[in-house]
Every structure is written in structure tokens, then in C-alpha cells.
Amino acid sequence: MALKAVHVSDVPSLDQMNKSASFRIPKFLVVGHRGHGMNVLQSSDKRMQAIKENSIASFNSSAKYPLDFIEFDVQVTKDGWPVIFHDDVIVSEDNGTIFEKRITELSLSEFLSYGPQREQGKIGKSLLRKTKDGKILHWNVEIDDSLCTLQEAFQQVDPNVGFNVELKFDDHIVYEQDYLIRVIQAILKIVFEFAENRPIIFSTFQPDAALLIRKLQSTYPVFFLTNGGTEIFYDVRRNSLEEAVKVCLEGGLQGIVSEVKGVFRNPGAVTKIKESKLSLLTYGRLNNVAEAVYMQHLMGIDGVIVDLVQEITEAVYDMIKPAKVVEKEDNKSLNGEGEDGEVKTKPQFSQRELSFLLKLIPELIQH
């Protein structure tokens with residue numbers, strides 16, 4: 001089935017555009033990374049191999065916890081279908097030979113033929129994974145699931161959970177504008193048709209794609225993804241939080257998603273981002289540490305993308321409880337003890353102490 005282009009009539013009204021211009025995140029967000037968390041197949045932490053990432057099973061599992069959004073990666077097949085998959089290539093084995101194929105060079109039916117199949121009794125092609133250092137690993141997880149499309153995510157995932165849709169492009173390819181527009185239009189067609197009232201945030205590391213999706217629609221906020229200077233790229237727009245702010249202001253984007261180390265190494269950038277009236281989310285391994293998440297809350301960061309969904313949603317609730325809940329608990333337990341007799345405390349910092357910590361953190365994470 002061919003996908004139609006997005007026409008002028010599909011573009012939102014001026015009222016919708018005005019709404020998005022004043023976009024503001026009302027609370028500290030917790031976002032599930034690739035659903036319930038990304039798979040790190042070589043990790044000794046079994047939680048990183050619990051549920052197949054970027055799958056319907058992973059999305060619905062994470063939706064059981066009090067998180068706000070799930071984040072996932074969308075690419076478009078050669079026949080125009082938006083599918084959910086993180087890596088640029090799919091890796092398989094046939095008769096002892098390893099094959100690699102780009103997601104964008106597969107048809108939808110080819111893409112869905114890898115891994116567990118929906119049809120009972122049907123065996124899919126083997127699905128392996130290539131690590132950053134080139135190792136090929138079997139994609140073994142505790143709960144496996146089939147590959148899926150963006151449309152299926154809208155139709156099968158709890159409608160109360162928001163979607164952070166990352167437009168995924170290869171870091172090593174320079175894309176023509178026509179290609180980027182074609183990909184974005186295919187994604188927007190599905191979003192406009194199936195999103196209904198679900199909250200949506202678009203994000204991408206590709207600066208031109210970020211600017212284009214903002215031009216092609218104004219219903220949903222667009223965030224620019226950046227490593228925040230922790231890695232260096234040919235495109236200078238990707239190399240610092242300062243450059244990310246420029247991209248957002250010049251293109252009318254609503255926010256930045258940064259590697260958390262980039263923020264901790266340059267905490268002064270948070271003030272500049274806030275002064276620019278931009279929202280700021282973070283991602284990265286440090287976001288699986290409750291204390292690092294709480295520190296970001298104190299810094300004024302708007303939310304975190306996490307892998308350990310259960311642990312971090314619980315920690316965030318304990319650390320950042322609504323005022324009424326805290327007051328009620330304080331009245332119940334004036335001696336500072338919880339129901340189990342344990343003393344319940346959370347870090348309290350003065351402005352001076354917070355300032356000292358912000359100066360110290362960049363030194364701590366340099367290595």
C-alpha cells in the first residue's frame with residue numbers, strides 16, 4: 001500500500017500553531033527509553049535484557065508504571081512504511097554467514113520477517129545485533145517480541161502514555177532535503193491518522209530533519225537531540241549545547257534532549273536554555289541513578305529518559321512528591337518515620353550547597 005504525501009490541507013491551523021509556540025512541560029517527566037529500556041546484550045545487568053526494546057511488549061510493560069512518555073526510534077522502509085527499530089542495519093545469519101541490511105533498503109514485509117513472528121508456527125529469520133565494537137551477539141532477551149510498525153504502536157499501546165517519536169537517521173550519511181521530506185511525510189501521515197489525543201513529542205539528532213518537521217507541522221513540539229559535546233561530529237550544530245540552542249531558536253523548535261553528561265559538564269548551559277524559553281530533557285546511563293535524576297530536578301531540567309523504568313519512576317515519586325501528599329505524610333509521621341519504622345529522608349540542599357555540587361559534578365564525570 002503506497003503512502004500519500006502530506007498536503008497543505010493536512011497542515012494544522014494557525015490556532016494549533018499558536019498553541020505549540022507557548023509549549024511548556026508542566027511537570028518533571030519520566031520517559032521510558034525504547035519502551036521499558038534499551039537492550040544491552042553484553043551487560044551483566046539482567047534488567048538490560050528483560051524485554052525486547054522498541055516492541056509492543058516493551059511499550060505496554062513500561063506503560064504499567066507512572067511514566068509520562070515512551071521514547072522509540074522510527075525509520076522508513078523503502079516502500080514508505082514507518083517502522084520502529086534503533087540500529088541503522090539489521091543483522092542476520094544464514095548457514096553460518098552473517099548478513100547486514102539497512103532498514104531503509106528493506107520493504108516492510110522483509111523487515112517484519114526477522115525475529116519472532118506473529119503467525120503461530122511461523123519461524124522468522126534470525127535476528128542478531130552488532131555492538132559498537134563490532135561484536136555480533138544473539139539478541140537473547142527474557143521476553144521476546146516481534147518487530148513492529150509505528151501504526152501498530154498507536155493502535156496497540158495504552159493510549160494514556162505519550163510517544164516521544166525519534167526520527168532516526170544514519171550519522172554518517174549526508175541526506176538530500178527531498179529524501180528527508182519524503183521520510184517525514186510518511187511518518188506524519190501515520191501520526192495525523194492515528195495519534196488522536198495521545199501526547200506526542202518529535203525528536204532527532206539530524207538538524208535538518210528537526211527544522212523540516214517543524215516546518216511541515218505545528219501540532220506537536222519538536223526537540224533537537226544532542227550529545228552535548230560528549231562526541232564530536234562533522235556537523236558543528238551537533239557539537240555543543242550552545243549550538244543546540246541556536247538550532248532551536250533559528251528553527252522555532254521547542255526544546256533540547258541532551259546526553260546527561262553534556263549537561264553535568266556544562267551546568268551553566270541550563271540557565272541559558274531556560275532563558276531561551278526552551279524545554280530540556282536528558283538521556284544516558286546516568287539517568288538510571290536516582291541521585292543523578294534528583295540532581296537534575298534541582299537544576300530545573302524538565303525530565304529524563306531512562307532504562308530502569310520501575311526503579312526511576314518509584315524514585316522520582318519518592319523524591320518529588322506532590323505537595324499535598326508530602327503534607328499529609330508529614331502530619332501522619334511527625335517523628336520522620338515511615339510505616340515500616342525506617343527514617344524516610346531525601347536530600348535537601350541550600351542554594352550554596354547546590355552551587356558547590358554543580359561546580360563539582362563536571363570534575364567527577366570527566367573520565
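In the context of the full protein assembly, Asp88 retains an accessible surface of approximately 50 Å², using a probe radius of 1.4 Å and ignoring ligands and nucleic acids. Between Asn197 and Lys125, what's the calculated FRET efficiency when r is the beta-carbon distance and R0 is 41 Å? Round to 0.05. E(calc), rounded to 0.05, equals 0.65. Expressed as a whole percent, the accessible surface of region 164-314 that belongs to carbon and sulfur atoms is 50, based on a 1.4 Å probe. Shown here for region 109-192: GluC sites (Glu not before Pro) in loop regions (DSSP other than H, G, I, E, B) with at most 15 other Cβ atoms within 10 Å, namely Glu119, Glu142, Glu176. Shape summary of region 196-319, radius of gyration then Dmax from alpha carbon positions: 14.4, 42 Å.
Against the empirical 2.2 N^0.38 Å (N residues), region 230-284 has a Cα radius of gyration ratio of 1.03. Where both bridge residues fall in region 69-212, DSSP classifies roughly 60% of the beta bridges as antiparallel.
The values are calculated or read from the model by the stated rules, or taken from the named source; none is laboratory data. As the structure is a computational prediction, the values presented were derived from the model and not from experiment. Cβ atoms come from the backbone with ideal geometry, glycine included; neighbour counts cover every protein chain shown. Quick note on the areas: whole protein, heavy atoms, side chains included, nothing else; ligands and nucleic acids left out. Shrake-Rupley method; radii C 1.70, N 1.55, O 1.52, S 1.80 Å.
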